[in-house]
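Shown next, in structure tokens, is the structure this report addresses.
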Amino acid sequence: MPQIEEGVKKTPLSTVHEEAGGKMVPFAGFYMPVAYRGITEEHRKVRSSVGVFDLSHMGEFRITGSRALDFLQKMTTNDVAKLAVGDVQYSLMCHPEGGIVDDLLVYRLPGEYLLVVNAANIEKDFDWLSSHKPEGVALTDESDQTALIAIQGPRSEAVVAKLTDFDLSKLGYYKAVRAKVSGQEILFSRTGYTGEDGFELYMPPEKAEFFWRKIMEAGRQFDIEPIGLGARDTLRLEMKYMLYGNDIDAATNPIEAGLGWVVKLNKGNFIGRGPIEKMKTEGPKRKLAAFEMLEKSIPRKGCLIYTATQKAGEVTSGTFSPSLEKGVGLGYVPSILSAVGTKLEIDIRGKKSPAAVVPAPFYQKGSHK
């Protein structure tokens with residue numbers, strides 16, 4: 001275990017990770033396991049069977065009050081009014097200039113909403129929401145009072161079915177419910193960040209170890225394994241899921257990021273609407289392109305992207321894809337260079353390696369329905 005840095009927190013499952021041999025690193029203000037057995041092995045476990053993730057570092061905000069819906073309609077880009085109780089929605093918060101504050105999940109629960117935000121952005125997001133909060137809305141940061149465990153993979157339903165009497169066939173993709181799991185009523189949902197079927201279990205921190213051990217026990221017949229941040233990153237990148245701070249940030253308009261599908265311009269006014277609508281109408285000058293390497297090489301964040309002798313952009317996320325067994329990446333390039341089939345070159349440690357723009361997601365065989 002590395003020496004604890006000042007201000008870096010442990011999750012309620014730190015002891016479990018250390019027992020399992022997790023390699024702990026500081027991430028978004030928390031000590032988190034980057035890997036246990038190995039990134040590639042853990043990645044393939046999730047694609048082929050099932051893995052379990054500690055996501056207790058994520059942020060959770062509860063929003064209640066008579067004006068909660070109006071508040072969220074103003075603060076987020078997607079249409080919160082379309083959510084029925086038990087629905088979950090992927091959305092964005094944007095600055096007035098159209099740049100992205102964060103990407104997040106919005107849960108509509110009985111009489112309230114739950115926002116799940118990125119760990120590195122908890123304080124920033126809470127301050128942003130607080131600075132716009134009107135009378136008639138209560139906003140509570142419950143991040144420190146909430147532990148979160150995710151179960152991901154094609155066998156995840158079989159694992160969760162052993163822990164609950166709730167009929168999981170009635171819990172669709174991007175749905176949530178309160179029901180008993182291992183005899184205790186908690187909130188759980190069916191979303192995911194891997195492209196595979198998966199579930200998220202929310203619980204008080206003092207219950208996290210209890211649930212983790214119950215999940216591992218239920219998954220033993222499927223050789224369930226704990227999965228670290230390294231495989232979480234390669235799994236999400238194969239699906240072209242955004243990572244805030246890499247692929248999107250305060251300088252990114254949702255349209256150029258390919259996130260126009262979570263921007264509902266017809267719902268009324270929201271922060272950032274004008275610049276987003278303008279870019280949608282005029283067309284973005286640059287787009288986030290997915291590319292794969294044509295030779296054996298691995299692109300990394302910050303590598304420069306070229307076409308012929310011209311610099312075209314830089315890699316925002318890049319890795320070796322364990323599923324495709326080749327290097328893949330994302331990067332912003334002029335829109336004219338974003339078409340599938342466009343040939344690019346990626347400067348990897350001073351050597352320009354050939355690449356081509358490909359359709360996204362890179363991995364097409366995920367089990368989520």
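The values are calculated or read from the model by the stated rules, or taken from the named source; none is laboratory data. Since this is a predicted model, take the numbers as computed values, not measurements. Quick reminder, even Gly has a Cβ in these numbers, built from the backbone with ideal geometry, and neighbours come from all protein chains shown.
Out of Leu201, Leu187, Leu163, report the one residue that is among the aliphatic types (A, V, I, L, M), part of a loop (DSSP other than H, G, I, E, B) and at pLDDT 95 or above. Before the answer, list the steps.
On the way: Leu201 fails: part of a loop (DSSP other than H, G, I, E, B); Leu187 fails: part of a loop (DSSP other than H, G, I, E, B).
From the options Leu201, Leu187, Leu163, the qualifying one is Leu163.
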Practice problem: Give just the number: which of (1) closer than 30 Å to Glu19 by Cβ; (2) crowded, with 20+ Cβ neighbours inside 10 Å; (3) in contact with a strand residue (DSSP E or B) (Cβ under 6 Å, 6 or more places away or on another chain); (4) touching a residue at least 60 places away in the same chain (Cβ under 8 Å) does Leu201 not satisfy? | Solution: (4)
Self-check item: Considering residues of the range 326-369 that are small (Gly, Ala, Ser) and either assigned to a strand (DSSP E or B) or touching a Cys at 6+ places or on another chain (Cβ under 6 Å) (or both) only, the residue surrounded by the fewest Cβ atoms within 10 Å (Cβ to Cβ)
Solution: Ala356
Quiz item: Checking Ala179 against (1) touching a Ser or Thr at 6+ places or on another chain (Cβ under 8 Å); (2) without any contact (Cβ under 8 Å) to a residue 40 or more places away in the chain; (3) not assigned by TED's automatic domain parsing to the domain that holds Ser48, which single condition isn't satisfied?
Solution: (3)
Quiz item: Name the pairs: first residue in the range 244-258 and touching a residue at least 12 places away in the same chain (Cβ under 8 Å), second residue crowded, with 19+ Cβ neighbours inside 10 Å and among the aromatic types (Phe, Trp, Tyr), Cβ to Cβ under 8 Å, at least 6 apart or on different chains?
Solution: Glu256/Tyr332
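If you go through the range 43-80, how many residues are of a type in the set (Ser, Thr, Tyr) and in contact with a Lys or Arg (Cβ under 6 Å, 6 or more places away or on another chain)?
Residues that pass the stated criteria total 1.
Within 30 Å of Ala161 (Cβ to Cβ) and touching a helix residue (DSSP H, G or I) at 6+ places or on another chain (Cβ under 8 Å): is that true of Ile215 in this structure? Can you show your working first?
Values: within 30 Å of Ala161 (Cβ to Cβ): yes; touching a helix residue (DSSP H, G or I) at 6+ places or on another chain (Cβ under 8 Å): yes.
Taking the combined requirement at face value, the residue satisfies it.
Answer yes or no as to whether Gly136 is at pLDDT below 95, in contact with a Lys or Arg (Cβ under 9 Å, 6 or more places away or on another chain) and on the phi > 0 side of the Ramachandran plot.
Details: at pLDDT below 95: yes; in contact with a Lys or Arg (Cβ under 9 Å, 6 or more places away or on another chain): yes; on the phi > 0 side of the Ramachandran plot: yes.
So Gly136 fits the description; yes.
Could you name every one of the strands (runs of 3 or more DSSP E) located completely within the range 60-145 that has at least 3 residues being more than 22 Å from Pro205 (Cβ to Cβ) and within 22 Å of the chain's Cα centre (by Cα)?
Values: elements: 88-94, 100-109, 112-117, 138-141.
The strands (runs of 3 or more DSSP E) meeting that bar are 88-94, 100-109.
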Quiz item: Of (1) over 15 Å from the mean Cα position of the chain (by Cα); (2) closer than 30 Å to Pro226 by Cβ; (3) surrounded by 23 or more Cβ atoms within 10 Å (Cβ to Cβ), Ser48 satisfies all except one. Which?
Solution: (3)
Quiz item: Can you find a residue in the range 19-30 that is closer than 23 Å to Glu217 by Cα, in contact (Cβ under 8 Å) with a residue 60 or more places away in the chain and outside any loop (DSSP other than H, G, I, E, B)?
Solution: yes
Exercise. Would you check which residues across the range 241-273 are within 30 Å of Ile151 (Cβ to Cβ) and either of a type in the set (Phe, Trp, Tyr) or surrounded by fewer than 21 Cβ atoms within 10 Å (Cβ to Cβ) (or both) and list them?
Key: Tyr241, Leu243, Tyr244, Gly245, Asn246, Asp249, Gly258, Trp261, Val262
